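The values are calculated or read from the model by the stated rules, or taken from the named source; none is laboratory data. None of the values given here were measured: they were computed from a predicted structure. Here the Cβ is made from the backbone with ideal geometry for all residues, glycine too, and neighbour counts use every protein chain on show.
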Amino acid sequence: MTKCCICVEMKELLKEQKLLSHFGKGFKFIHMPKCKDTIPLVLQSGEDFDYFTAMIEGGTTPYFRLEKIDESSCCAQLRLLKPVDFKGRLAMTEKDLYTLKKTSHCIHVELCCFCAFTPLSIDLLDRPLPIIESKT
């Protein structure tokens, strides 16, 4: 089977994600903050480059984590990332997005069905919600 370009690139993303998860581990004298292990991404399909979305908790998410790739079929297992606004609720728009939270939900997709993918900043993952004090 001929591999599509996106399959090859996603394989590289998975390799970098694995490197990222090991970054900073094994030091004896240096304390590093919690290491990130996810490169969030969005997938685009169709001629108009619509974001691919999956159902999550009464809404949808276009945000995923690549878990693994079957190279023979170019199929991937993606973990759904929950978009959260700064109040801790499901973010309904990209404008409302404050952080991404990993979920236990995964889907399988055929990578060659997509036109493109965009990796996002690792800093979006697990950002602590701001503490909002009441003015009473």
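General remarks:
- In segment 34-136, counting only strands (runs of 3 or more DSSP E) that sit wholly within it, the ones holding 2 or more residues that are under 18 Å from Ser21 (Cα atoms), without any contact (Cβ under 8 Å) to a residue 60 or more places away in the chain and in contact with a Lys or Arg (Cβ under 7 Å, 6 or more places away or on another chain) span 64-70, 75-84, 99-110.
- Pair list, Cβ < 8 Å and 6+ apart or interchain, from segment 1-15 residues that are on the phi < 0 side of the Ramachandran plot to residues that are charged (D, E, K, R) and at pLDDT 90 or above: Leu14/Lys68
- Matching residues, segment 82-100, being surrounded by 16 or more Cβ atoms within 10 Å (Cβ to Cβ) and charged (D, E, K, R): Lys82, Asp85
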